[in-house]
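Remarks on the structure that follows.
The values are calculated or read from the model by the stated rules, or taken from the named source; none is laboratory data. Please read these numbers as outputs of a predicted model, since none were measured by experiment. Positions of Cβ are backbone-derived with ideal geometry, glycine not excepted, and every protein chain shown enters the neighbour counts.
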Amino acid sequence: MKETKYIEIDGLLYPNLKLPEQKEVHLSRFGRMRKQYLKEQHSIIYTNLLISGELFDYLEKFDNEMNELYNRLMKQYKVKWNVTEELKEKDQIRCVQEMNNIKQCVEEFVKNEYIYR
């Protein structure tokens with residue numbers, strides 16, 4: 001068992017607790033959403049990851065996987081719904097509408113199936 005060191009402040013002893021070093025990670029929206037969700041809804045998991053020093057490694061891996069999934073699904077939906085350069089040349093407004101619809105569908109899928117689970 002580890003020996004706990006204490007600090008005396010105003011005659012009281014407090015444990016000298018420090019978190020392990022965390023690497024600085026720049027997360028995109030999916031990583032930030034997952035972090036916020038864990039913090040608010042699954043605080044025990046969040047705290048355990050934070051204390052063990054694995055939180056930012058987990059979030060970085062999750063963020064990268066979700067961005068790859070998002071990009072792959074966007075491409076698949078564009079093919080499935082026939083959103084091509086030809087459509088873009090013919091009818092730009094419809095192309096933008098279709099792309100916005102695809103984007104919304106993919107984001108909702110990623111959020112519901114991966115982030116908020």
- Task: Examine segment 79-97 for a residue that is free of Cβ contacts under 8 Å to residues at least 24 places away in the same chain, at positive phi and not aliphatic (A, V, I, L, M), and state whether such a residue exists.
- Result: yes
- Taking segment 98-117 on its own, how many of its residues are without any contact (Cβ under 8 Å) to a residue 24 or more places away in the chain and either in contact with an Asp or Glu (Cβ under 6 Å, 6 or more places away or on another chain) or of a type in the set (Asp, Glu) (or both)? 3
- Task: Take segment 18-59 and flag every residue that is touching a Leu at 6+ places or on another chain (Cβ under 7 Å) and charged (D, E, K, R).
- Result: ARG34, LYS35
- Message: among the charged types (D, E, K, R), more than 13 Å from the chain's Cα centre (by Cα) and part of a helix (DSSP H, G or I): is that true of ARG34 in this structure?
- Response: no
- Look at segment 94-117 and say how many of its residues are surrounded by 12 or more Cβ atoms within 10 Å (Cβ to Cβ) and either at pLDDT below 95 or hydroxyl-bearing (Ser, Thr, Tyr) (or both). 1
- Just one of the numbered conditions (1) of a type outside the set (A, V, I, L, M); (2) in contact with a strand residue (DSSP E or B) (Cβ under 6 Å, 6 or more places away or on another chain); (3) assigned to a loop (DSSP other than H, G, I, E, B) is not true of TYR14; which one? (3)
- Item | Yes/no for GLY31 being surrounded by 12 or more Cβ atoms within 10 Å (Cβ to Cβ) and in contact with a Pro (Cβ under 7 Å, 6 or more places away or on another chain) | no
- Query: If we keep just the residues of segment 38-93 that are more than 15 Å from the chain's Cα centre (by Cα) and not in a helix (DSSP H, G or I), which is surrounded by the most Cβ atoms within 10 Å (Cβ to Cβ)?
  - Reply: VAL83
